[in-house]
1. Looking at the structure I just gave you, is Val276 modelled with pLDDT of 90 or more and surrounded by 14 or more Cβ atoms within 10 Å (Cβ to Cβ)?
2. Do you know which of the residues in region 14-54 that are within 13 Å of ligand 2 (Cβ to nearest atom) and more than 15 Å from the chain's Cα centre (by Cα) is surrounded by the most Cβ atoms within 10 Å (Cβ to Cβ)?
3. Can you tell which of Thr93, Thr100 is over 21 Å from the mean Cα position of the chain (by Cα) and either under 14 Å from Ala197 (Cβ atoms) or at pLDDT below 95 (or both)?
4. Just checking, how many residues over region 280-301 are in a loop (DSSP other than H, G, I, E, B) and in contact (Cβ under 8 Å) with a residue 60 or more places away in the chain?
5. Would you check if Ala126 is touching a residue at least 12 places away in the same chain (Cβ under 8 Å) and buried (at least 17 other Cβ atoms within 10 Å of the Cβ)?
6. Go through region 31-75 and give me each residue that's without any contact (Cβ under 8 Å) to a residue 24 or more places away in the chain, part of a loop (DSSP other than H, G, I, E, B) and within 17 Å of Gly18 (Cα to Cα).
7. Could you tell me which of the residues Ser239, Ser251 is touching a Cys at 6+ places or on another chain (Cβ under 6 Å), outside any strand (DSSP E or B) and over 21 Å from Ile12 (Cβ atoms)?
8. For residues that are part of a loop (DSSP other than H, G, I, E, B) and surrounded by 17 or more Cβ atoms within 10 Å (Cβ to Cβ), scanning just region 205-236, find the one that is farthest from the chain's Cα centre (by Cα).
Amino acid sequence: MKSTQTDDRIKIAVQKSGRLTEHSMDLLVRCGLSYSRGKDRLICYGENMPVDVLLVRDDDIPGLVQEDVCDLGIVGLNIVEESSLTLRADGATRLFEKITPLDFGHCRLSFAVPREVRYESPESLAGKRIATSYPRIVSAWLDKEGIDAKVVVFSGAVEIAPSLGRADVVCDLVSSGETLKAHDLQEVETVLQSRAALIRTPVELAPAKSQWVERLLQRIGGVLQVRESKYIMLHAPRSALKEIKALLPGSEAPTIMPLEGTDDKVAVHAVCRENVFWETLEELKEVGASSMLVLPVEKMLA
Ligand code: ATP
Ligand code: ZN
């Protein structure tokens, strides 16, 4: 039987070892979590928050959250989508409560064909054998396009299916495209754009737990915003203020301050909610800005 103490703690499912692990743990640490790792290395116990992290295979995360074994989970939208389609087909009515896209794990689920094959449109897939680990997503896409093809399920190493003679086409995750190239495959059509996302149990949480989840969600929002944001300081001729404000990416109301010993120049400080690139600084300089400084933002709370 679970102790009350355990029930009061928020459980977050995170990939045990893979592409999402480091980013997921880093996000939680940036939200203020410090933890110690259990002896079996399958659970990280939060030391300063009632939050424990369960380390599992990414494919198991949606199920754990949907069944309320975990309150939250961090997993790719590709897995979320495939699991949702599977759970719905199995008659599940309650899936995930909330999905917050995160800023890592970017990839896409794409069709790829052997280099020598000509691909013109989705019609080119008709009658083909398609190897994939995402049979539900692929079948749904084929249905939508009105294409009849055979979906062959591969649980890994999808890209070798054509050279083994097991499939004509693959539908797999791609980020740089290097893996496809190494297997003489060309990417021809994207089915789904994916990145990591936070999912939440469909079950209502006890007030104490719910408060902590809300706090964590707010902190996650803050971390994501901060990673995109920059604090910019510059000197500007008063006459160019309008143009300069228009150039500052995603800034709301900049602070304008007088500069000692001059009336026609002012200091401008602004939080830019998008990254500030060299090009922007060069454009600012062209309209008269000088002494520009771009600083990272450490924390942000609206
Ligand atoms: P597990 O052992 O947990 O089942 P896995 O081998 O299925 O791991 P990884 O290869 O670690 O999973 O990928 C985890 C997730 O990372 C993917 O589901 C996807 O959301 C994301 N991802 C980002 N880029 C890529 C990529 N190039 N190839 C595969 N996955 C990617
Ligand atoms: Zn997996």
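The values are calculated or read from the model by the stated rules, or taken from the named source; none is laboratory data. Bear in mind the structure is a predicted one, so any value in this text is a computation, not a measurement. Here Cβ is always computed from backbone atoms with ideal geometry, including for glycine, and neighbour counts include all displayed protein chains.
1. Taking the combined requirement at face value, the residue does not satisfy it.
2. Lys16
3. Going through Thr93, Thr100 in turn, the sole match is Thr93.
4. Of all residues in region 280-301, those in a loop (DSSP other than H, G, I, E, B) come to 287-289, 297-301.
Filter once more, keeping what is in contact (Cβ under 8 Å) with a residue 60 or more places away in the chain: 297-301.
Qualifying residue count for the region: 5.
5. Working: touching a residue at least 12 places away in the same chain (Cβ under 8 Å): yes; buried (at least 17 other Cβ atoms within 10 Å of the Cβ): no.
So Ala126 fails the test.
6. Hit for region 31-75 is Arg41, nothing else.
7. Matching residue, one of Ser239, Ser251: Ser251.
8. Leu205
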